[in-house]
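Readers should treat all values here as calculations from the given coordinates under stated rules, not as data from a laboratory. What you see is a predicted model; the values in this text were computed from it and never measured.
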Amino acid sequence: MEEEIINRVANSALEVFDLEDYYTKGIRSQLDISQWLLEGFLLKEKDFREALKSYDWTQYQNQYVAVYCSTDAIVPAWAMILVSLHLKPYAAKTVTGSLEDLETALYQEVLPTLDYTSYKDKPVILKGCSKKPVPMSAYIMAAQRLQPFAKSIMYGEACSAVPLFKAVKS
């Protein structure tokens, strides 16, 4: 006699919060400004401005761009600002830093706009495994936004979730 297999996870009150569901679609690019520095280290203002003027910015049309410098050059703040102004007509978003910084900025825009009330008094699993580059900062932001609503918050998968938070019974 075979026993029926019951999916207890599917039948439970567990709610899964998957950050991949809120991943901003679009092409991500990195732009290294060291290409416009003398030997990758020295910013000569006139040459820098000329290089930016002649650069083909259209290649970043509707892309999310992380602007950074791959060398140890000391770059004045205005240089990054100037690059961002050249990108403004083309890029969907520009940040200074890494691709992870870019993903963080995108989640900072999306997560505050969500309605978390559907998680009220429910156990929530913050889904851990991701096929997309979800930064740790997004998990932190999501957990903090879920905390006022959730009965409990766990991290990982239903089969191996790590408890993070449990609401105090009043």
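Close amide H partners of residue 16, meaning residues 5 or more places away or on another chain with modelled amide H under 5 Å apart, are 125. How would segment 108-147 be classified by its alpha-carbon gyration tensor: rounded, prolate or oblate, with rounded meaning a/c under 1.5 and the a/b versus b/c comparison settling the rest? Judged from the Cα gyration tensor, segment 108-147 comes out oblate (a/c at least 1.5, b/c at or above a/b).
Considering only 145, 28, 49, the Gaussian network model of the chain with Cα springs below 10 Å gives its largest mean-square fluctuation to 49. When the square roots of the Cα gyration tensor eigenvalues are ordered a ≥ b ≥ c, the ratio a/c for segment 18-73 is 1.5 or more and a/b does not exceed b/c, which makes its shape oblate. Straight-line reach from residue 44: taking Cα to Cα under 16 Å and skipping same-chain neighbours fewer than 8 places apart, the lysines in range are 53. Taking 17 Å as the straight-line reach from the Cα of residue 169, the aspartates and glutamates in range (excluding those fewer than 8 positions away in the same chain) are 121.
Write down the percent of antiparallel bridges among all DSSP beta bridges whose residues are both part of the chain, to the nearest 5. Counting DSSP beta bridges with both partners in the chain, the antiparallel share is about 25 percent. Using a cut-off of 22 Å between alpha-carbon atoms, which lysines can reach residue 25, once sequence neighbours fewer than 8 places away in the same chain are excluded? Here the lysines satisfying the reach criterion relative to residue 25 are 88, 93, 127, 131, 132.
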